[in-house]
Amino acid sequence: SFIGEESVAAGEGSILTDNPTWIIDPIDGTTNFVHRFPFVAVSIGFVVNKKIEFGIVYSCVEDKMYTARKGKGAFCNGQKLQVSGQKDITKSLLVTELGSNRDPETIKIILSNMERLLSIPIHG
C-alpha cells in the first residue's frame, strides 16, 4: 500500500492497515518550499502491522541523507547519530513547530503547552 502526504492534504482518504505500507511526503516542508525557505526534504517511511520499520529523509538543500531502522539506530550520510545525553533542560535547545491546524481549540492547547515550556529557562 501507499500513503502520500500530498494526496491526503488534497482531501483523499487514507487508512493505515496492517499491510506493508510506504508513506511518502515528496515535499516535506511544503510551506517552506512555497516561501523559498531552504529547509525542505523528501520523507519516506515503511510500515508493517502499523509499526514503522524504517525511514529515510533526504534534506535536499543540505544534501544530507538521514536513515533509521527499527532497533538499528539512526544515521546521517552513513554516520551514526546519537542524542547528546544532556539531562538538564535549562541547557538544552528547544525547537518546536505550531503545525498547520488553525482550529481554535487546537491553537489554545498548543499555546498552553508552549507557555509551560517557555516558563522554563531554556535556550531557543
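The values are calculated or read from the model by the stated rules, or taken from the named source; none is laboratory data. Treat the numbers as computed from the prediction; the structure is a model and nothing was measured. In this analysis, Cβ positions are derived from the backbone assuming ideal geometry, glycine residues included, and neighbour counts consider all displayed protein chains. What goes into the accessible areas is simple: the full protein's heavy atoms, side chains included, and nothing from ligands, DNA or RNA. Shrake-Rupley method; radii C 1.70, N 1.55, O 1.52, S 1.80 Å.
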Would you pick out the residues in region 82-103 that are open to solvent by less than 100 Å² (accessible area, probe 1.4 Å) and more than 23 Å from residue 39 (Cα to Cα)? 85, 86, 88, 89, 90, 103
Name the single residue that is farthest from residue 45 (Cα to Cα) among those in region 64-117 being in contact (Cβ under 8 Å) with a residue 24 or more places away in the chain and among the aliphatic types (A, V, I, L, M). 89
Which numbered condition trips up residue 48, out of (1) more than 18 Å from the chain's Cα centre (by Cα); (2) open to solvent by 60 Å² or more (accessible area, probe 1.4 Å)? (2)
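Please verify whether residue 30 is farther than 27 Å from residue 122 by Cβ, among the hydroxyl-bearing types (Ser, Thr, Tyr) and modelled with pLDDT of 95 or more, treating the condition exactly as stated.
Spelling it out, it is not the case that residue 30 is farther than 27 Å from residue 122 by Cβ, among the hydroxyl-bearing types (Ser, Thr, Tyr) and modelled with pLDDT of 95 or more.
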I need a count of the residues in region 1-27 that are within 18 Å of the chain's Cα centre (by Cα), of a type outside the set (Val, Ile, Thr) and either buried (at least 16 other Cβ atoms within 10 Å of the Cβ) or at pLDDT 90 or above (or both). 4
